[in-house]
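Structure first, commentary second.
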Amino acid sequence: MIFRQLFDSASSTYTYLLGCSESHDAVIIDPVYEQHGRDAALIRELGLKLRYAIDTHVHADHVTGAWLMRRSLGAETVLSARYEVEDVDVPVDHGDVLAFGNASLAVRATPGHTNGCLTLVTNGQDMAFTGDCLMIRGAGRTDFQGGDEHQMWRSIREQIFTLPDDCLISVSYTHLRAH
């Protein structure tokens, strides 16, 4: 599998690019609006066909670049159906699977930070992408609309901590900023 972790220092946000090494189909997880040029250039440089631009969650200060990936590279936008957003190509919920080439991501609903948060797990359960549900040395805020700390703890315990011990957990945001 092709794997790239990208970082936006202004927002402390991680973006992930995954690709099937055989078909070159790819997905991008939590693309940042301001980093669209960088991310699109990398996708082209690697010869990937972007199938999905996935947002693990949305709220007022999470400025997505997914729609730019749709417009410039033809990717389908993916977001939790629980948000009831109309202009999303692929609304997903718990148990759905997003296939790209010989790879796939299983969707796990992990509400708590917001009501539509998702964790995405590779088909071999060797990587999981938790968005803002679980972060480096912490968990996401619960004071956004739809946030609930008890629900988030259940999500972390039941959907993330049940993954195999050798599963690499990847987050989309770090509250640790370089000084």
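The values are calculated or read from the model by the stated rules, or taken from the named source; none is laboratory data. Owing to the predicted nature of the structure, the values given are computational and were not obtained by experimental measurement. Neighbour counts are summed over all protein chains in view; Cβ atoms, including those assigned to glycine, are modelled from backbone coordinates with ideal geometry. When the accessible area is computed, the model is the full protein with side chains, heavy atoms only, and any ligands, DNA or RNA have been set aside. Shrake-Rupley method; radii C 1.70, N 1.55, O 1.52, S 1.80 Å.
For segment 64-101, filtering for residues that are part of a strand (DSSP E or B) and open to solvent by 40 Å² or more (accessible area, probe 1.4 Å) leaves 4.
Taken over segment 161-179, the criterion of being modelled with pLDDT of 85 or more and assigned to a loop (DSSP other than H, G, I, E, B) is satisfied by Phe161, Thr162, Leu163, Pro164, Asp165, Asp166, Cys167.
Please tell me if Asp39 is over 14 Å from the mean Cα position of the chain (by Cα) and of a type in the set (Asp, Glu). Against the criterion (over 14 Å from the mean Cα position of the chain (by Cα) and of a type in the set (Asp, Glu)), Asp39 qualifies. Of all the residues in segment 43-63, those that are crowded, with 19+ Cβ neighbours inside 10 Å and either in a strand (DSSP E or B) or of a type in the set (Lys, Arg) (or both) number 5.
For segment 29-42, indicate whether the set of residues that are touching a residue at least 40 places away in the same chain (Cβ under 8 Å) and either of a type in the set (A, V, I, L, M) or crowded, with 18+ Cβ neighbours inside 10 Å (or both) is non-empty. Checked segment 29-42: at least one residue is touching a residue at least 40 places away in the same chain (Cβ under 8 Å) and either of a type in the set (A, V, I, L, M) or crowded, with 18+ Cβ neighbours inside 10 Å (or both).
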